[in-house]
1. Restricting the first residue to the stretch A:185-212 and requiring it to be aromatic (Phe, Trp, Tyr), which pairs with a second residue that is more than 9 Å from DNA strand D (Cβ to nearest atom) meet a Cβ separation below 6 Å and a spacing of at least six or different chains?
2. How many residues are assigned to a strand (DSSP E or B) and within 15 Å of A:Arg92 (Cβ to Cβ) if we restrict to the stretch A:39-52?
3. If a residue must be without any contact (Cβ under 8 Å) to a residue 12 or more places away in the chain and more than 9 Å from every other protein chain (Cβ to nearest Cβ), how many such residues does the stretch A:67-83 contain?
4. Residue check, B:Val183 against (1) open to solvent by less than 10 Å² (accessible area, probe 1.4 Å); (2) touching a His at 6+ places or on another chain (Cβ under 9 Å), all met but one. Which one?
5. In the stretch B:209-227, what residues are within 13 Å of DNA strand C (Cβ to nearest atom) and surrounded by 20 or more Cβ atoms within 10 Å (Cβ to Cβ)?
6. With the checklist (1) out of contact with any helix residue (DSSP H, G or I) (no Cβ under 8 Å at 6 or more places or on another chain); (2) at the interface with another protein chain (Cβ under 9 Å from one of its Cβ atoms) in hand, flag the one item B:Ala104 doesn't pass.
7. Looking only at the stretch A:87-100, count every residue that is crowded, with 18+ Cβ neighbours inside 10 Å and either more than 10 Å from chain B (Cβ to nearest Cβ) or without any contact (Cβ under 8 Å) to a residue 40 or more places away in the chain (or both) and tell me the total.
2 protein chains.
Amino acid sequence: MTLPIQIEHSNCGECPIRHRAVCAHCERDELEALEEIKYYRSFEAGQTIIWSGDQMNFVGSVVSGIASLTQTMEDGRTQMVGLLLPSDFVGRPGRETAAYDVIATTDIVMCCFRKKPFEELMARTPHIAHRLLQMTLDELDAAREWMLVLGRKTAREKIASLLSIIARRDATLTRGRSSGPIVFDLPLTREAMADYLGLTLETVSRQMSALKKDGIIQLEGKRHVTIPDMGRLMEEAGDDTDGGFLV
Amino acid sequence: MTLPIQIEHSNCGECPIRHRAVCAHCERDELEALEEIKYYRSFEAGQTIIWSGDQMNFVGSVVSGIASLTQTMEDGRTQMVGLLLPSDFVGRPGRETAAYDVIATTDIVMCCFRKKPFEELMARTPHIAHRLLQMTLDELDAAREWMLVLGRKTAREKIASLLSIIARRDATLTRGRSSGPIVFDLPLTREAMADYLGLTLETVSRQMSALKKDGIIQLEGKRHVTIPDMGRLMEEAGDDTDGGFLV
DNA sequence: CGTGCTCTTGAAAACCCTCAAGGGAAGTGG
DNA sequence: CCACTTCCCTTGAGGGTTTTCAAGAGCACG
């Protein structure tokens with residue numbers, strides 16, 4: 001049941017998210033201060049990391065794996081409001097309780113900081129505060145982009161939008177190449193996709209099949225996706241591509 | 001056509017948004033620095049304040065009136081991604097071009113700062129940076145709350161959600177009372193409501209009529225709304241109220 | 001009194017959801 | 001090794017909500 005997950009990166013200098021996380025702009029001495037209050041935690045896929053309404057005793061960064069921020073109504077309707085990827089920040093300085101459920105989508109490793117010390121450190125470390133502002137503004141943009149998807153796009157466009165976001169992220173992480181087919185594994189179940197897109201899982205499944213039938217995507221198994229032509233996918237997503245090269 | 005709108009608040013100390021805007025936590029000397037780079041601009045209802053893709057030469061705060069942040073697809077589908085109320089901040093330090101259209105919903109007065117000097121000032125004024133982080137986090141929460149509305153609520157629940165947000169804001173601004181009926185004027189056309197809610201204007205109109213027929217709201221004319229029972233409205237919105245007193 | 005704008009209402013159609021059944025792969029225990 | 005279960009996914013049929021298309025009402029303005 002409980003796998004002993006190895007924590008390898010005790011040293012910030014060797015951390016895989018060193019240059020993208022909230023600590024990205026930190027100097028050596030600032031990193032050392034962070035190291036003193038940090039600790040790692042691992043969660044298995046499916047585990048709830050934070051319950052909405054709970055006391056938040058820590059903030060932190062996703063080191064590896066994927067988590068989701070979700071909101072649930074009384075009758076069970078669920079909406080994912082954020083996808084947390086490696087380097088993304090979890091928690092809100094200055095707030096006591098969590099506003100959303102944070103759920104591990106895959107096995108995940110987090111770099112956590114006790115909240116109080118982190119807030120104190122942030123107050124005297126402009127590099128951290130500034131980076132957090134940057135990241136928050138980016139998340140706000142992503143949330144607003146997603147509002148267009150949720151409010152105005154068709155089911156087919158929604159699926160294409162999600163796939164192109166994941167494809168783009170994968171392309172950034174794995175290599176800079178933009179030519180040739182893009183290949184990746186979907187980190188989400190059909191149900192998670194549905195919760196992200198404001199659809200039912202049946203509609204997700206149907207639209208995935210339709211995109212496959214039309215040659216926009218290729219599927220091996222349920223999760224392994226190949227995108228032969230990124231431009232076509234973006235057309236299906238309804239985004240202005242106008243070439244779309246260089247992503 | 002062009003009304004000569006009076007700019008009254010040249011002095012920050014008397015500014016109506018003094019304690020809620022990005023300058024809220026500023027000391028006297030910080031305010032003086034802001035005063036040196038600030039200027040007021042007025043826009044009439046319907047005017048576009050900023051075009052998506054344009055160079056951003058200023059950032060600023062809404063002093064009075066309402067503006068909307070909207071995103072438009074090539075085929076004309078429009079989604080409002082933010083509602084800018086007095087004290088809300090416009091613009092993103094560190095970015096060159098605007099990501100969204102900013103449109104004056106009502107006549108509006110803005111307190112603007114030239115972008116470059118503001119960024120420099122922010123770099124050496126933690127009070128401003130900290131306040132901006134707070135405000136950005138609040139906006140992120142609002143955006144995420146709205147994602148649930150867009151993704152998972154029915155047309156009727158969407159309308160009720162919008163009305164309760166406006167009602168709550170009005171209640172906060174005009175007085176602390178929470179008992180008795182709430183009365184306000186809708187600052188949005190049916191079309192603007194539709195763009196906010198991801199609906200068509202016909203559906204908005206129909207659901208407004210339905211809520212009226214069911215006694216959830218009362219309408220005088222098209223814009224003047226009375227809410228006899230805030231609890232009932234929030235039930236219709238699908239929000240957990242559990243009493244809901246104290247707003 | 002016509003024009004323009006916002007809003008309302010109706011009828012038909014489209015899209016997505018709900019309900020239902022079943023397939024395929026992985027894991028468990030006999 | 002093979003039933004059996006479970007989980008995830010696919011596909012079909014029917015129905016409901018919202019959209020689309022269309023017409024007209026109410027109001028302000030010139």
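The values are calculated or read from the model by the stated rules, or taken from the named source; none is laboratory data. Only a predicted model underlies this, so the values are computations on that prediction, with no experimental measurement involved. When we count neighbours, we look across all protein chains shown, and the Cβ atoms used for this are built from the backbone with ideal geometry, even at glycine. Remember, those area values only see protein heavy atoms, side chains included, never the ligands or the DNA or RNA. Shrake-Rupley method; radii C 1.70, N 1.55, O 1.52, S 1.80 Å.
1. Note: pairs meeting the criteria are A:Tyr196/A:Met80.
2. 2
3. 1
4. (1)
5. Within the stretch B:209-227, B:Leu211, B:Ile217, B:Val225 qualify.
6. Of (1) out of contact with any helix residue (DSSP H, G or I) (no Cβ under 8 Å at 6 or more places or on another chain); (2) at the interface with another protein chain (Cβ under 9 Å from one of its Cβ atoms), only one is false for B:Ala104: (2).
7. Summing the residues that are crowded, with 18+ Cβ neighbours inside 10 Å and either more than 10 Å from chain B (Cβ to nearest Cβ) or without any contact (Cβ under 8 Å) to a residue 40 or more places away in the chain (or both) in the stretch A:87-100 gives 8.
Every residue, every condition in (1) open to solvent by less than 20 Å² (accessible area, probe 1.4 Å); (2) in contact with a Phe, Trp or Tyr (Cβ under 9 Å, 6 or more places away or on another chain); (3) on the phi > 0 side of the Ramachandran plot, yes or no:
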| residue | (1), (2), (3) |
| --- | --- |
| A:Asp75 | no, no, no |
| A:Thr78 | no, no, no |
| A:Leu85 | no, no, no |
| A:Val102 | yes, yes, no |
| A:Asp107 | no, yes, no |
| A:Phe113 | yes, yes, no |
| A:Gln134 | no, no, no |
| A:Glu145 | no, no, no |
| A:Ile166 | yes, yes, no |
